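Down below is the structure, laid out as structure tokens.
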Amino acid sequence: MSATQSTEPKVPAQRGGSPVGADSERERVSAFWSLSRSMLLSFKRDRSAVFFVMLFPLMFLLLFGTLLKGATSPHAKVAQVGAVQVLDSVQGEGRAELAKVLEISRTDDEATALTKVRKGDLDALIEQGPDGKIELHFSAADQVRAGSVQGILNAIVQQANQAAYQQATGKPPAFSLDATQVEDQSLKPIQFLTPGLLGWAVATGAVFGASLTLVGWRKQKVLRRLRLAPVSAFSVIASRVVVSVVTALAQTAIFLVVATTPFFGLKLSGDWWLIIPLVICATVAFMSIGLLAGSIAKTEEAANGISQIIVLPMSFLSGSFFKMDDAPGWLKTISEVLPLRHLVDAAGSVLSRGGGVMDALPAMGILLGFAVVLTLISAKLFKWDDV
């Protein structure tokens, strides 16, 4: 190495008087904006991504906004047995205001009314006992509504006592409220959560299992090979049904075992074993939804998206997570058509409210009828290959 040769690292010559650091910074900024633009265009071209990111959340905003639009007041259905002075004395404008929060129907059949309260057809029963005692029998199936009914009736009793006090100063209160729960006092919220969450789990497993399996087999050419093999279509379908039913029954067993532990305290009542045929019929119905989704979709992503669009709104509209009592009438009509609604209602009856065969049979018939209709539609749309 010569004496005049420098050992210092060479620094690139600056061009046009611009520092090297400034050029490097501009390159990083340019790369950042190029990548951002590329990702944005890629997201824009992916229609499924645009739907699930932008439109799918909007669907839930519209759904909950519609469901809760008229839920500003705790409107409850109650039965009045015989004469109840504190209610009968409310007239004129006060009666109109009371009608906004309580839908009162009159009856003389106390036993039938109590049965309706236990089944959830009525929220409470009101009658007047001796010495001005107002007896309120309510269901704990909806804790919020039960508390609202008690609060409203307590306010009415207090107003009646104030009016009586003004007329007869110094006398004890003319009326008192005695509120009792129609179910066993030891029952816990798990008693009413289990049927809805179990229905949602069974529906999710059956719909997604059927739709994703069908699309996956079609893409992997399994359906084509099965078509050419000496295997009947009935055998293929029956095997898929058996797998789905076994999975659903396993879900049911796990749910009931966990819910009945001392920690949660679920108490099975009535003919609870009817949940087994109910779940079998429901699984067949939900599988028919999955078959329809799998017949329409061409990819697993599309099948997953279609199944999500069906299962999630159906879960909310069927009362799996909260009751539909405050929903608009047209939305309740849609709810009655959905198979999950019938599973949740029947499961709640046989598991928690002492229901029997006559509570389960109509639901099973509706579920099987639904399965027949959707299976016939799916058969028309079914394709063995992607072409």
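Just so it is clear, none of the values below were taken in a lab; they were calculated from the coordinates. Because the structure is a prediction, the values reported are computed rather than measured. Heads up, the Cβs are rebuilt from the backbone with ideal geometry, glycines too, and the neighbour counts pull from every protein chain shown.
Protection proxy ranking, highest mean first, for peptides 148-155, 278-285: 278-285, 148-155, where packing is the per-residue count of other beta-carbon atoms within 10 Å, averaged. Counting every alpha-carbon pair across segment 190-381, the share separated by more than 32 Å comes to 17%. Using alpha carbons only, the radius of gyration of segment 73-150 set against its Kirkwood radius gives Rg/Rh = 0.95. In this structure the amide hydrogen of Leu102, modeled in the peptide plane, comes within under 5 Å of the amide hydrogens of Ala76, none closer than 5 places in sequence on its chain. Only lysine pairs 8 or more places apart, or on different chains, with alpha-carbon atoms under 23 angstrom apart are counted in segment 190-381, and they number 7. The three principal axes of the C-alpha atoms in segment 295-387 carry coordinate ranges of 52, 28, 23 Å, sorted with the longest axis first.
Listed by Cβ neighbour count within 10 Å, with the fewest neighbours leading, Arg218, Arg240, Arg95 appear as Arg95, Arg240, Arg218. Centre-to-centre separation between the Cα atoms of segment 101-143 and those of segment 285-348: 32 Å.
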